[in-house]
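> Handing you a structure now.
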Amino acid sequence: MRVCLLASGSKGNSLLVESGRTRLMIDAGLSARELRRRLDVVGVAAESIDALLITHEHTDHVRGLGPLVRQLDLPVYLQTDLAGQLADVGKPQCVHEFAAGEDFTINDLTVSPFAITHDSLAPVGFTLSGEHGKVGVATDLGVVTRLVTESLRGCRVLVLETNHDEEMLRDGPYPWPLKQRVRSAHGHLSNRAGSSLLQELLWKGLESVFLGHLSETNNRPELALTSANQVLDTQNICLPQLIVGQQNAPQTWVAQR
Ligand SMILES: [Zn+2]
Ligand SMILES: [Zn+2]
């Protein structure tokens, strides 16, 4: 099993999940050219990707969607009705629609989309389950609902959001309405909120946690790490590796077995 953040942050997001016979990309928030360059960096042939899943329609998640689908003839999985809201889905015949709360399978992985609260049309998080375990991905959420927590239980690998430090956001340069948007129930999770979600998800099988979607303006990697380490240091359930997602370079975790 391997999880690779090709990019993570407010300016572009994309990640790979590989397990068993299946290799999936979640979001395509960089240009197709830059996504393919990063695939080269991590040694993945673009043609080997089985499908692309989209969490929501914000540009930092779909920037390269159309060109990538056209270049690779890539099946793309979108929430029902989202295709009509996107300027470019590549090839309509490549689009597969799904509904939040309804599982579907791609090769040997079961994909479970679950609803999250964010200021976009029907945004989702995903879990991907197969014989090697379960991976959970939830970034771009304003608030952690019970559904989010329950959906993410039992994951070997988690990709969680630690978007901002609350004090840095408060004292930073964003105009007031944007500050309010970021910290609203339809905005983004702070380091504190992301870490308290992590606290809820600790179990003996948790091996790796990516901290993702960090704001370059309102956060620093060491603040996100400190916040998550405060949770990990006060428990003896598990010893997961913490990895902070980067905007400008891929970050990879590979299972030892
Ligand atoms: Zn978003
Ligand atoms: Zn985003």
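> To the nearest 20 debye, what charge dipole does the chain have about its Cα centre, counting +1 at the Cβ of each Lys and Arg and -1 at the Cβ of each Asp and Glu? Each step should come with its number before you reach the end.
Working: 23 positive and 29 negative charges, 71 e Å.
Computed about the Cα centre, the dipole is about 340 debye.
> OK, next. What is the pair-distance distribution P(r) of segment 2-252, computed from all Cα-Cα distances in 5 Å bins starting at 0, with each bin given as a whole percent?
1, 7, 15, 19, 21, 18, 12, 6, 2, 0, 0
> Shifting gears a bit: To the nearest 0.05, how large is the calculated FRET efficiency for Arg153 and Arg33 if R₀ is 41 Å and r is the Cβ-Cβ distance? Don't skip to the end; give the middle numbers.
Working: r = 38 Å, r/R0 = 0.93.
In this case the efficiency is close to 0.60.
> Quote the FRET efficiency, to the nearest 0.05, computed for Glu97 versus Gln230 with a Förster distance R0 of 41 Å and r equal to the Cβ-Cβ distance.
Numbers: r = 41 Å, r/R0 = 1.00.
Approximately 0.50, to the nearest 0.05.
> HN-Hα J couplings of segment 49-54 from phi, Karplus 6.51/-1.76/1.60, θ = phi - 60°, integer Hz, Gly and Pro as x?
Along segment 49-54, the couplings run 6, 7, 6, 10, 10, 10 Hz.
> Taking only DSSP H segments of four or more residues, each worth -39500 (n - 2.57), what value at 222 nm results for the chain once the sum is divided by all its residues, to the nearest 500 deg cm²/dmol? Spell out each step's value before the answer.
Details: 8 runs with 66 residues, N = 257.
Rounded to the nearest 500, the figure is -7000 deg cm²/dmol.
> Moving to a separate point now. Enumerate the residues in segment 4-26 having an amide nitrogen under 16 Å from the point lying 7 Å beyond the Cα of Thr59 toward its Cβ.
9-13
> Could you please report the charge total around Thr110, scoring K, R as +1 and D, E as -1 over all other residues with beta-carbon less than 10 angstrom from its beta-carbon? Can you show the working numbers first?
On the way: positive: Lys134; negative: Asp103, Asp108.
Here the charged neighbours net out to -1.
> Now for a separate question. Would you mind telling me the antiparallel percentage of the DSSP bridges in segment 2-252, rounded to 5?
Details: 26 of 49 bridges.
Restricted to segment 2-252, the bridges split so that about 55 percent are antiparallel.
> Using 1/(1 + (r/R0)^6) with R0 = 25 angstrom and r between the beta carbons of Asp81 and Asp108, what's the FRET efficiency to the nearest 0.05?
The calculated FRET efficiency here is 0.30.
> Now for a different question. How far apart, in nm, are two points set 7 Å out from the Cα along the Cα-to-Cβ line at Thr217 and at Leu202?
For Thr217 paired with Leu202, the spin-label model returns 3.4 nm.
Here, each number is a calculation from the coordinates, and none is a lab measurement. As the structure is a prediction and not an experimental result, all values here were calculated from the model. Here the Cβ is made from the backbone with ideal geometry for all residues, glycine too, and neighbour counts use every protein chain on show.
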